[in-house]
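Peer 1: Here it is: the structure, laid out below.
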């Protein structure tokens, strides 16, 4: 007790970051299936009770870890050139999906949501829907700037851009190269009626 | 020993069909994760040894069951109208992916291949590659008949047609309706430079 009392908010944030990092590390080392909440707690130096106060399952922890990383590393840039911006973004997504620590963690989550309805809802609400919305904001701006025609179907556009990436990821086929991403984007732009 | 000896080939085929049916039934009733080779053997009235003589894992059994059903129920028709034929085929695929018994079984296999390299290879070689090849045969014919331009990128075409279906399936989003499939096909045709 010498002077400044500990700041509980800051201490919580430090624990939170330690838990997210521990979850990703364990998932990389042991694979998603063999990562347990117990091991995450031990590695992060917190109790299981602390973890369960904040998250219902290991899937939820890993979802938050992925979400943090994805929001930071794959923003939707706007340089005024939609094709170039999508290439930047989609290439970053492919790199994330393909490499540790996020690739195996996300693959694990995608398998878990086939059985875990609560996690599935969290993935939609906290991860996919906001990402789809961010993509559509960028596409809407392209529409306003005349890069896409006024009647371009933006919901379909998102699935045409990202569907093939998920197809390769789900089936464990070789990931899209930058060159193929450029070809994919050119095709989807044409499908939407871009000049 | 009264007269005609049993025909071992026919007996084997009957066992094989019983095993495939038992695997799909159990997967529908209990879910993929709780379906075991032991239970499949018991339900089909064969020994576990018989099963392991033919298949390395429950995933392999279910893959064969799915493959049989898919080849029968989702052929690539050729009426001379590519968009209409794709709609028929893709709508049948969505129905299979969405409903028991094949939907849950295939979802289970797609999760298992994230961890099981042997099953992953089998899925590519026995299921995906032949289906991609069948799709490309149909697309090549459309190219010859002038429905697609001579330089249409058929590998990309397959991923643009089926990627969005996998995206929805993997993320457990609502399946494509027939109307949206029509819109999807029209977009991909345009992306390939179809008139």
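Where a number appears in this text, it was derived from the coordinates with a stated rule and is not lab data. The structure displayed is predicted, hence computed values, not measured ones. Counting neighbours? That spans all protein chains shown, and the Cβs are built from the backbone with ideal geometry, glycine included.
Peer 1: Given only helices, namely DSSP H runs of n ≥ 4 each adding -39500 (n - 2.57), what is the per-residue ellipticity at 222 nm of chain A, to the nearest 500 deg cm²/dmol?
Peer 2: When only DSSP H runs of four or more count, the value is -22000 deg cm²/dmol.
Peer 1: Moving on to the next point. For chain A, set up a Gaussian network in which alpha carbons nearer than 10 Å are linked by springs, and say which option among A:109, A:181, A:137 fluctuates the most.
Peer 2: Looking only at A:109, A:181, A:137, the biggest GNM fluctuation is shown by A:137.
Peer 1: In the range B:7-86, if every C-alpha pair distance is counted and binned at 5 Å from zero, what percent goes to each bin?
Peer 2: Percent of Cα pairs in each bin: 3, 15, 23, 20, 13, 8, 7, 7, 5, 1.
Peer 1: Going by the alpha-carbon gyration tensor, a ≥ b ≥ c the square roots of its eigenvalues, is the protein assembly as shown rounded (a/c under 1.5) or, if a/c is not under 1.5, prolate (a/b greater than b/c) versus oblate? The partial results should precede the final answer.
Peer 2: Numbers: a/c = 2.60, a/b = 1.12, b/c = 2.32.
Oblate.
Peer 1: Peptide A:164-177: average number of partner chain Cβ atoms within 10 Å per residue?
Peer 2: Numbers: counts 10, 4, 9, 13, 3, 4, 10, 10, 9, 6, 0, 0, 1, 0.
Counting Cβ atoms of other protein chains within 10 Å of each residue's Cβ and averaging gives 6.
Peer 1: State the Kirkwood hydrodynamic radius of the range A:96-195 in Å, one decimal place, computed from all pairs of distinct Cα atoms. The partial results should precede the final answer.
Peer 2: Details: mean 1/r = 0.0664 Å⁻¹.
So the Kirkwood estimate lands at 15.1 Å.
Peer 1: Now for a separate question. Label residue A:10 and residue A:177 with points 7 Å out from Cα along Cα→Cβ: what is the distance between them in nm?
Peer 2: 5.0
Peer 1: Average partner chain C-beta neighbours within 10 Å, per residue of B:182-188?
Peer 2: Average per residue, whole number: 4.
Peer 1: With r as the distance between the Cβ atoms of residue A:71 and residue B:136 and R0 = 35 Å, compute the FRET efficiency 1/(1 + (r/R0)^6) and round to 0.05.
Peer 2: Efficiency at R0 = 35 Å is approximately 0.40.
Peer 1: Okay, moving on. Sort out for me the Cα centre separation of the range A:35-72 from the range A:78-138, rounded to whole Å.
Peer 2: Cα centroid of the range A:35-72 versus Cα centroid of the range A:78-138: 19 Å apart.
Peer 1: OK, next. Tell me the label-point distance for the pair residue B:145, residue A:190, using the 7 Å Cα-to-Cβ offset, in nm and rounded to one decimal.
Peer 2: In this crude spin-label approximation the distance works out to 2.1 nm.
Peer 1: By how many degrees, 0 to 90 and rounded to 10, does the Cα axis of helix A:129-144 deviate from the longest principal axis of chain A?
Peer 2: The angle comes out at about 30 degrees.
Peer 1: With chain B treated as a Gaussian network of Cα nodes joined by springs under 10 Å, which of B:35, B:177, B:98 yields the largest mean-square fluctuation?
Peer 2: For chain B, modelled as a Gaussian network with Cα springs under 10 Å, the answer is B:177.
Peer 1: Order these peptides, B:81-90, B:9-18, by their mean beta-carbon neighbour count within 10 angstrom, highest first.
Peer 2: The packing order, highest mean first, is B:81-90, B:9-18.
Peer 1: Over the range A:58-191, what is the relative contact order in percent, taking alpha-carbon pairs closer than 8 angstrom and at least six residues apart?
Peer 2: Numbers: 101 pairs, mean separation 39.7, N = 134.
Computed value for the range A:58-191: 30 percent relative contact order.
Peer 1: Mind giving me the nanometre distance, one decimal, between the label points for residue B:38 and residue A:92, set 7 Å out from Cα along Cα→Cβ?
Peer 2: 4.9
Peer 1: Let me check I have the definition right: for chain A, take the eigenvalues of the Cα gyration tensor, multiply each by 5, take square roots. What are those semi-axes in whole Å, largest first?
Peer 2: Over the Cα atoms of chain A, the ellipsoid semi-axes are 36, 19, 14 Å.
Peer 1: A follow-up question, please. Rounded to the nearest 10 degrees, what's the angle between the helix B:178-191 long axis and the longest principal axis of chain B, both from Cα atoms, 0 to 90?
Peer 2: So the helix axis and the longest Cα principal axis differ by about 60 degrees.
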